[in-house]
Number of protein chains: 2
Amino acid sequence: MPIEAESPRAWRAVLEHVERRLLDGDLLPGERLPGERALAADLGVGRSSVREALRVLEAMGLVRTASGSGPNAGAIIVATPGGAMSALMRLQVAAHGFPVADIVRTRLILESAVAGELAERAGAEAGLETLRSSTGEGAGLETLRSSTGEGAGLETLRSSTGGSSTGGSSTGGSSTGEAGGLPAAERLLDAMDSPDLEPAEFLALDAAFHLALAEASGNQVVTATMAGLRSSIEGYALDGLARIDDWHATSARLRREHRGVVDAIRAADAPTARRRIHDHISGYYAETFPEPAPTPAAAPAHA
Amino acid sequence: MPIEAESPRAWRAVLEHVERRLLDGDLLPGERLPGERALAADLGVGRSSVREALRVLEAMGLVRTASGSGPNAGAIIVATPGGAMSALMRLQVAAHGFPVADIVRTRLILESAVAGELAERAGAEAGLETLRSSTGEGAGLETLRSSTGEGAGLETLRSSTGGSSTGGSSTGGSSTGEAGGLPAAERLLDAMDSPDLEPAEFLALDAAFHLALAEASGNQVVTATMAGLRSSIEGYALDGLARIDDWHATSARLRREHRGVVDAIRAADAPTARRRIHDHISGYYAETFPEPAPTPAAAPAHA
DNA sequence: GCTGGTATGTGGTCGGACCACAGTATCAGA
DNA sequence: TCTGATACTGTGGTCCGACCACATACCAGC
């Protein structure tokens, strides 16, 4: 739409071409892009430019490329925002574009909202019990997403750019939310009760738990964003591990707080759920970071 | 950190090299990357691979490239997450990775939190009045960000990948928040009072207003995310314009609601600010989208 | 019918070659 | 000496051709 003078950059033309085809709907997830050579010939650019555009698309989590031949080869449209968001935020933090404090503040906002929403939904479900399917989450105005089911499975997440450590949970699938939902999160809590757990392993499970909560909310955007937020400060979290005096006591407290959050959600007590997850995150970072508390003026989330 | 077997992909090695240098701190914003040929020679890869990695970095808002010679040429480290976030979310929506409903739901979460936080801060400032500077926003654990001031200015935002229409407001600068703050948002409201405004122009100003609120919160992550959310559904917003019966009445209502939000913030009434911004966004999308309301079960934000 | 090698096409990478561009050094002229 | 235009140098931007590794599809031979 924007005139913007056709950028002399050839690779951008390729990018815009793909985006337009995507928007026009004749390029659905699971389908294959034309070959690099064909695309170059079609658009009148060199293959290098096509490849640069494809690298961007790959980094954005839009395509998955594979060598060889057959139906799985080539550039296939996928939609795995988790890895892309992680890479983006991780790099921005590395380049001092995202202050760590803002990352934490955003975590507070999103996770409080997620916990509150889950609790409210639990209350609503307990109330009218039967027609659970009618409150379908992510399927607001897009029910066609079932067409994704073919090539955009949960695997191959790792092939995205940043894929360092988004956590074990998948991010792409589970179209209507509730892919495991709260039970999945609680399974992670059970795993965290294992006494012989390295701090780093505990931290990984902790990350997976928080991500599972977001997934349970059924909001793909929040899920991907939280994956990005988490992985962007993972290095700091690992460093902060050394700052903890009594790991045993700390991990016990974290486990207790996790259970408290889930309990509040199950009890449909939204304000308590919000407050508990907020204090949980806020408290952990206050303990593990040297600087003053990340929460700025007042408690931002729960009124 | 993760072993992950050195990806056979050469361009990824370049990406990781740059990321490591970034994390090690010997590559600060404003500084220049080595030339493509030198980088290729250093890492033992071809220039094509270096270029593919640079395209990814450019798309992620990490570098800004310029031809020619001199201090402004080459790949310069910047940190402009706004454009990158916009491109990422826009493409994800185009590829059906982000349902539009989830975009709207996330807007509700973030903007409610922003409005509430601004209101609370207004109350805090009114209370202790003098030591305003001590509640510095984004400068939680990173005060070194003033080093950004040289090359990572507000301009050159446009050169990022998606740069279609993030809105007029800048996204990269304003390190300690409050770059205009609420007054900037109110200036936009004044501009929206102009009677001879095309609906599309009004919409652009509306987007800028919401972004200005986020900027006023001083949270770079939220600001960039909101820029992305907004631009990702801009096409839908424009399409929805045709769905509005009486544009005059609608625009008057929107203006009134905007003022109401700012008034609540100025009055330090956080719950009201949250509710008003929530209803504002929710109401607009209910009017402009055909499907059922995007808000799922209950009012998610304000308890 | 099954098995194995082969043909084909894919992305991945490299190296080279140009171009346009923007500074900078150089040198001729006043 | 100063000034101006010129040539030079190095940058990214693009294209091209070539090769490789790989995975499938095909087909001859068993």
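The values are calculated or read from the model by the stated rules, or taken from the named source; none is laboratory data. Computed from a prediction, not measured in an experiment: that's the story for all the values here. Quick reminder, even Gly has a Cβ in these numbers, built from the backbone with ideal geometry, and neighbours come from all protein chains shown. When the accessible area is computed, the model is the full protein with side chains, heavy atoms only, and any ligands, DNA or RNA have been set aside. Shrake-Rupley method; radii C 1.70, N 1.55, O 1.52, S 1.80 Å.
Some values worked out for this structure:
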read-out: Surface/4 of the Cα convex hull for segment A:72-125, nm²; value: 6.4
read-out: Copy-to-copy label separations for B:Ala66, where each label sits 7 Å from Cα toward Cβ, in nm and ascending; value: 4.4
read-out: Peptide-level mean, for A:220-228, of C-beta atoms on other protein chains within 10 Å; value: 6
read-out: Calculated label separations, A:Ser194, copies of the chain, 7 Å along the beta-carbon direction, nm; value: 6.3
read-out: Other copies of B:Ala267: label-to-label distances in nm, shortest first, labels 7 Å along the beta-carbon direction; value: 3.4
read-out: Distance between modelled label sites at B:Asp190 and A:Asp196, nm, 7 Å Cα→Cβ extension; value: 7.0
read-out: Backbone N under 15 Å from the A:Ala73 label point (7 Å along Cα→Cβ), restricted to segment A:18-48; value: A:32-38
read-out: Estimated FRET transfer efficiency when R0 is 45 angstrom, pair A:Arg255-B:Ala267 (beta carbons, to 0.05); value: 0.60
read-out: Inter-chain Cβ neighbour average for residues B:113-119, partner chain, 10 Å; value: 4
read-out: Area buried, chain B against chain A - accessible surface, total, 1.4 angstrom probe, square angstrom; value: 7600
read-out: Computed Kirkwood radius, in angstrom, where 1/r is averaged over Cα pairs of segment A:1-71; value: 12.8
read-out: Options A:Gln92, A:Ala115, A:Val104, ranked by Cα towards positive dipole end of segment A:46-129, top entry (Cβ charges); value: A:Gln92
read-out: Whole-angstrom gap from segment A:201-275 to segment B:208-281, using each part's C-alpha centre; value: 30
